[in-house]
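Nothing in this text is a laboratory measurement; each read-out follows from the coordinates by a stated rule. Since this is a predicted model, take the numbers as computed values, not measurements. Virtual Cβ from ideal backbone geometry, glycine too; neighbours counted across all protein chains shown.
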Amino acid sequence: MNQLDKLEAQSVYLLREAYKEFKSLCMLWSVGKDSTVMLWLTRKAFFGHVPIPLVHIDTHYKIPEMIRYRDAIALEWKLTMIYGENKTALDTKQTFPDGAIDRISCCKALKSDALKHTLSGTWPRYKLNHDTQKYDLDTNTAPYTGVIVGARADEEGSRSKERYFSPRDKQNDWDVGDQPPEFWNQYKTDFPPGTHIRIHPLLDWTELNIWEYIERENIPITDLYFDQGEGKRYRSLGCYPCTTPVESTATTVTEVVNELRTGKFANIAERSGRAQDKEDGGGLETLRREGYM
Amino acid sequence: MTPNNKTDQMNIVIVGHVDHGKSTLIGRLLADTGSLPEGKLDQIKAMCEINSKPFEYAFLLDALKDERAQGITIDTARSFFKTEKRHYIIIDAPGHIEFLKNMITGAARAEAALLLIDANEGVKENSRRHGYMLSMLGIKQVIVLVNKMDLVNYDPEVYSKIVDEYTQFLAQIHVTPKTFIPIAAREGENIASKSTKMPWYAGESVLSLIDDFEKEKEKDNQPFRMPVQDIYKFTEQNDDRRIVAGTIETGSITVGTPIIFHPSGKKSTIKSIEVFNAAAKQKAGVGGAVGFTLTEELYIKPGELMCTQNELQPKVGSKFRANIFWLGKAPMIKDKKYKIKLGAARGNAYLADVVTVLDASSLVSDTQKIKIDRNDVAECIIETIRPIAFDLNHDIETLGRFVIIDDYEIAGGGIVTEKISDENTVEKGAERRNFTWTKSKISPEKRARNMGQRPCLLLIIGKQETEKYDLGVALEEALFNQGKTVYFLGISNMLLSMNRDARRRNTEDRDEHIRQIGEIAHIMADAGTIMISAISEIEDTEASTLKSLVNPYMVKIIANGNTDLYDQKADLIIDTQASVQDRVKTIIDFLNSEETFNPKEI
């Protein structure tokens, strides 16, 4: 087995373990490359099926192509597609840069808070109706107790400390100092009521692994990752006020792979275009403790 | 894959006593191999400037605020570097005793280890403990780095004293290190290239020696083992495949191979190897997360161990000798029910006996201790409630090790060293109970003749809850009206009486429920009564447990309707389309054919 085969097998194992152990399970899909690879791995794990609902947190500041791409894939792959949002913050414009708040507070409101309440079912969830191709209010408001997330350890400092199965308490808090041991492919799958578990099947993948795998498997990825003729492409996708494209003329997956392997980005961190990382001295740790992915 | 693709990758862990320089070494390795992402170094340097602290290599690893505040690594950070030969993931494992579970988490992911010893401080408690843990975790490639040689003026005598002392320790636990290297991580001596400060050292630098670590050999030539992680039947889009899914631990398998599942002992043959979005495969090998369909579909549950029929079989039993390391806050004690996970199997287990408790850092053993405290290593006897399939650790490593769950947490890990014949199984217990049972003057035969019936347990299984109940009650009434001595015991009634304190029904209590049904049925049968009960489904092991408990009386399993794939253990299958009266008649006909009533010979 080569490295990609091993990573794939490990992720499949983790996804199956999550599916077996958690009754109320969902997968976060940002529609970025990592969580799309994770979705592809889910189809591998379950032989073409996706028996886990996909949850997307819509900040309404996402680049519009991302939403179109999300719905097209959801319909084609017959996904149980759910989205949630922070309606109050959006309605009252408590957002960056319109409102008088900084980037971190905006992230907290539109991502962390929206996520927390969408997962717990306390804010409305919207579910894709495959017949009408529209979103309806989801009648299921049960909290999700297992949440599959596409975080990678190489992204930034706080993520390198994550477990594959990482418990969160009732307040969504992550106790970095007291994490469960993990060895011999055995994970924390027993947990007291009220807590929930985040599962990280991509923890050991690097950005390069992700692109090599997209290339090998021919996974459909949104065009935003490629140069559309202006000499720019997105390396990491987020909300448009806080995500800037990088200078690059890569138009294909292979060109992206080469850029990362030996080219101009071989030594530049992926999230260097994400402004919110720099406002917080501890990487994203403050946000992550409050539930940021 | 393109030929210039250098994704050959190895995980190495760096362990050792607290403050012996692990983070500094990693920082140095990253810098010396030019592996620092540009953004990261700037970020850390800027942070140091803001906080008016001089930059140190260790800061690169201490990415979290918590850590910088405490000045020690509290968790397993990962970082990446590459040499000409391959990519490395370095796992920095904390040296503080309090974080042993994090050290184990880090080390368990590694294929090789660098163990650091401070030249100035010498061999310390965790130098030894970590060495021991590496051997338990199965990490066989170890290089020992004697660090901070600059603090002892690069003195070869200090170095060789440590080498001698530590080699002696490792020999006791049967670990042979690849080599020792004297280094000064902060100064970069013997890290990327050979140091000029230690001409007396004839060996190579760290970077050159880690490239000599070998990739773990794939265990293709071992007997085939696949823990059954799950069984899938996704009916959407008219998919009628029933797929047995899992990850192959050892060996390989081809389509058409006869297979056997343990502990159930059920047999079938590989019909297909299922893959998504790729050509069908004829062969599957080690490490693959795969799925199979079988020629004869079986009712098996996740947790079974799939093996080939013609290779070495695993052990099946409920008692084994093991070496355990304990991480739990509460000690491991006898007579407490724990959960065990071994491969895909989950079950309940007890600590049956503590043979000896070992201090992993001094290797002093204590044979008087009856519990296993946090950070202890112990030889002990583990007993599972149900039989479990396993291998001895020295035969097939991954199926000879397990974890113990205490109060929701993974509290310990162990390796299986020997199977022990089990005397405390339900079967043996029932035999002993029958042997010492106070016998009545009325023999079972006399009672049966007198009452005109052979006592037994009639167990109705089936999916529809109310139907089974209705059927059981109707059968009881019909037999009663024929003058039989019969009693219907609903499971809920049993729970109300025997299990009044049980707060909730869960799988852990299920073993106990089965045992209780068996014991009650045994007493009822001993009194000459036919007991009827109903349960939604029953596993093979549960059926055999019931039979052992009710023995010498009979258990008849009656399947109310086609119960999918477990009909084979039913003595009678009845048609759910028929009315309750007709079904009752079918059962009574069956009982008559079995000479349950007015038996001529007993």
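With r defined as the distance between the Cβ atoms of residue B:592 and residue B:485 and R0 fixed at 22 Å, what FRET efficiency is calculated, to the nearest 0.05?
With R0 = 22 Å, the Cβ-Cβ based efficiency is 0.85.
Return the FRET efficiency for the residue pair residue B:541, residue B:196: r is the Cβ-Cβ distance, R0 is 51 Å, and the value is rounded to the nearest 0.05.
Numbers: r = 68 Å, r/R0 = 1.33.
For R0 = 51 Å, the calculated efficiency reads 0.15.
Give me the one-decimal Kirkwood hydrodynamic radius in Å for the range A:2-69, with the sum taken over alpha-carbon pairs.
Value: 13.1 Å, from the Cα pair sum.
Compute the length gained on full extension between residue B:254 and residue B:578: take 0.36 nm times their separation in residues and subtract their Cα-Cα distance, giving the result in nm to one decimal.
That pair, residue B:254 and residue B:578, stretches by 112.2 nm at full extension.
Counting helices only, and only those DSSP H runs with n ≥ 4, report the 222 nm mean residue ellipticity of chain B as the sum of -39,500 (n - 2.57) divided by its residues, in deg cm²/dmol to the nearest 500.
-8500 deg cm²/dmol
Once amide H atoms are built 1.01 Å from N in the peptide plane, which residues 5 or more positions from residue B:555, or in another chain, come under 5 Å H to H?
Residues meeting the criterion, in which the H sits 1.01 Å from N, are B:457.
How many nm separate the modelled label positions at residue A:98 and residue B:469, each set 7 Å beyond the Cα in the direction of the Cβ?
5.6
Once you've got the Cα coordinates, tell me which of B:271/B:463; A:161/A:188; A:161/B:178; A:108/A:161; B:215/B:419; B:339/B:556 are over 26 Å apart.
B:271/B:463; A:161/B:178; B:215/B:419; B:339/B:556
So if I place +1 on the C-beta of Lys and Arg and -1 on the C-beta of Asp and Glu, and nothing else carries charge, what would the dipole magnitude of the protein assembly as shown be about its Cα centre? I want it in debye, nearest 20.
For the protein assembly as shown, the charge dipole is close to 1400 debye.
List the equivalent ellipsoid semi-axes of the range B:315-419 in whole Å, largest first, each obtained as the square root of 5λ for an eigenvalue λ of the Cα gyration tensor.
Numbers: eigenvalues 81, 47, 30 Å².
Semi-axes from the Cα gyration tensor: 20, 15, 12 Å.
Over chain B, what relative contact order in percent results from Cα pairs under 8 Å that are six or more residues apart?
9
Between 0 and 90 degrees, rounded to the nearest ten: what's the tilt of helix B:156-172 against the longest Cα principal axis of chain B?
10
Taking the simple approach of a point 7 Å from Cα along Cα-to-Cβ for both residue B:367 and residue B:85, what is their distance in nm?
Placing both labels 7 Å along Cα→Cβ, they lie 4.5 nm apart.
Please state the equivalent ellipsoid semi-axes for the range B:115-156: what are the square roots of 5 times the Cα gyration tensor eigenvalues, largest first, in whole Å?
24, 11, 5
Straight-line reach from residue B:441: which aspartates and glutamates fall under 14 Å, measuring Cα to Cα and dropping same-chain residues less than 8 apart?
B:526
Using alpha carbons only, how many degrees (0 to 90, rounded to 10) separate the axis of helix B:22-32 from the longest principal axis of chain B?
For B:22-32 against chain B, the angle is about 60 degrees.
State the antiparallel share, in %, of DSSP beta bridges confined to the protein assembly as shown, rounding to the nearest 5. Mind dumping the intermediate values first?
Working: 90 of 142 bridges.
If we restrict to bridges inside the protein assembly as shown, about 65 percent are antiparallel.
For residue A:264, which lysines qualify as cross-link partners when the Cα separation must be under 20 Å and same-chain residues fewer than eight apart are set aside?
A:33, A:232, B:6, B:40, B:82
For the protein assembly as shown, with the dipole built from +1 on Lys and Arg beta-carbon atoms and -1 on Asp and Glu ones, taken about the Cα centre, which of B:33, B:488, A:75 lies farthest toward the positive end?
Toward the positive end, the furthest listed residue is B:488.
Please list, in order along the range B:184-198, the HN-Hα scalar couplings obtained from phi with the Karplus expression 6.51 cos²θ - 1.76 cosθ + 1.60 (θ = phi - 60°), rounded to whole Hz, x for Gly and Pro.
For the range B:184-198, the Karplus-derived couplings read 9, 4, 4, 8, x, 7, 6, 8, 8, 9, 5, 7, 8, 7, 10 Hz, x marking Gly and Pro.
Are any of the pairs A:23/A:62; B:484/B:585; A:6/B:233 more than 20 Å apart by Cα-Cα distance, and if so, which?
A:23/A:62; A:6/B:233
On a full-extension model of 0.36 nm per residue, what is the gain between residue B:394 and residue B:140, subtracting their alpha-carbon distance, rounded to one decimal in nm?
90.1 nm
Going Cα to Cα from residue A:78, which lysines come in below 16 Å? Please leave out same-chain ones fewer than 8 positions away.
Within reach: A:44, A:127, A:134.
Need one number for chain B: average projected area of the convex hull over its C-alpha atoms, nm².
35.1
Would you mind giving the average projected area, over all directions, of the Cα convex hull of the protein assembly as shown in nm² with one decimal? Provide the component values of the computation, followed by the final result.
Working: hull surface 167.4 nm².
About 41.9 nm², averaged over all directions.
Could you give the length gained by full extension between residue B:420 and residue B:56, i.e. 0.36 nm per residue of separation minus their alpha carbon distance, to one decimal place?
125.7 nm
Report, to the nearest 10°, how far helix B:426-436 tilts away from the longest principal axis of the Cα atoms in chain B, using its own Cα long axis and a range of 0 to 90°.
With both axes taken from Cα atoms, the answer is about 50 degrees.
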